[in-house]
Amino acid sequence: MVRVKICGITNLDDAQASVEAGADALGFIFVEGTPRCVAPADAARIIAALPPFVTAVGVFWDHATGHVKAVAEECGLGALQFHGDEPPEALVGWDLPTIKTIKVSGADSLDLMNGYAVSAFLLDSPARWSEGEARAPIPWELVRRAAARRTIVLSAGLTADNVHAAIRLARPYAVDVNSGVEARPGRKDPDKVRRFIAAARSADGGGS
């Protein structure tokens, strides 16, 4: 079954709505100056209220190792996502599962996965982040090629209207959505969240 991560969580209402809709993981962005950045203390309160078996993923961008460890401990994170230019050696020796983001601009982008010993790769677009506008999907056929040999989380431009087709073609381990289920930057639309997760679940178990 494909897993679903709802990223850019900034408040308890959105977290609870996502969990009730069936999300497997929630993403908390600790990147200062971005539209969905959440303070560690606020994230810790939200994460403490989550039910068991929902993974809280912290998103970091070229942060110092000590900072990442301190935030992970304060918040009770279950996994770490590294979204910057972190080299392979920086992602070795962590006590939590690690996810490395690769910005996909073409087939050569997949070569950037070489050398990383991580739990999974998140394939995203080269755009830094969305201010609320729609994002273009990355080529799903490239994702399928990567998913044949790696654990892949598909991101970029996903919505309730295209996630079913994306999963059927790309066959990722998981999908990740942020702006595609928002009412506005930093606030989720519960109906979009429900429809997204339902569409993702409906893609499991048949044909290519």
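Put in line by how crowded their Cβ is, counting other Cβ atoms within 10 Å and starting with the fewest, 173, 116 read 173, 116. Projecting the Cα positions of 68, 109, 98 onto the charge dipole of the range 3-202 (unit charges on Cβ atoms of Lys, Arg, Asp and Glu, taken about the Cα centre) puts 109 furthest along the positive direction.
Pairs of Cα atoms nearer than 8 Å and 6+ residues apart set the relative contact order; for the range 56-208 it is 16 percent. Full extension of the chain segment joining residue 45 with residue 119 gains 24.0 nm, where the gain is 0.36 nm per residue of separation less the Cα-Cα distance. Each Lys or Arg adds one and each Asp or Glu subtracts one; over the other residues with Cβ under 13 Å from the Cβ of residue 112, this totals -2. Along the chain, the exposed loop sites are trypsin sites (Lys or Arg not before Pro) outside DSSP states H, G, I, E and B with at most 16 other Cβ atoms within 10 Å, and the longest stretch free of them is 1-127. Both numbers refer to the Cα atoms of the range 99-203; Rg and Dmax are 13.4, 40 Å. For residue 188, enumerate residues with amide H under 5 Å from its amide H, sequence gap 5+ or separate chain, H modeled in the peptide plane. Under 5 Å from the amide H of residue 188: 183.
In the chain, the calculated helix contribution to ellipticity at 222 nm averages -8500 deg cm²/dmol per residue, counting -39,500 (n - 2.57) for every DSSP H run with n ≥ 4.
Sparsely packed loop sites in the range 52-102 (the GluC sites (Glu not before Pro) outside DSSP H, G, I, E and B with at most 14 other Cβ atoms within 10 Å) do not occur.
Projecting the Cα atoms of 120, 143, 83 onto the charge dipole of the chain, computed from C-beta unit charges around the Cα centre, puts 143 farthest toward the positive end. Taking the Cα centre of the chain as origin and assigning +1 to Lys and Arg Cβ atoms and -1 to Asp and Glu Cβ atoms, the resulting dipole is close to 640 debye. Computed over the range 10-73, the P(r) tail beyond 14 angstrom holds 55 percent of alpha carbon pairs. Summing charges over all other residues whose Cβ lies under 11 Å from the Cβ of residue 154, with Lys and Arg as +1 and Asp and Glu as -1, gives +2. Using a cut-off of 14 Å between beta-carbons, work out the net charge of the residues near residue 176 (Lys and Arg +1, Asp and Glu -1, residue 176 not included). Residues close to residue 176 contribute a combined charge of +4.
If both residues of a DSSP beta bridge must be in the chain, then about 5% of such bridges are antiparallel.
Every number in this text was worked out from the coordinates using simple rules, so none of it is lab data. It should be emphasised that the depicted structure is a prediction, and the values quoted were computed from it without experimental measurement. We place every Cβ from the backbone using ideal geometry, glycine too, and count neighbours over all the protein chains shown.
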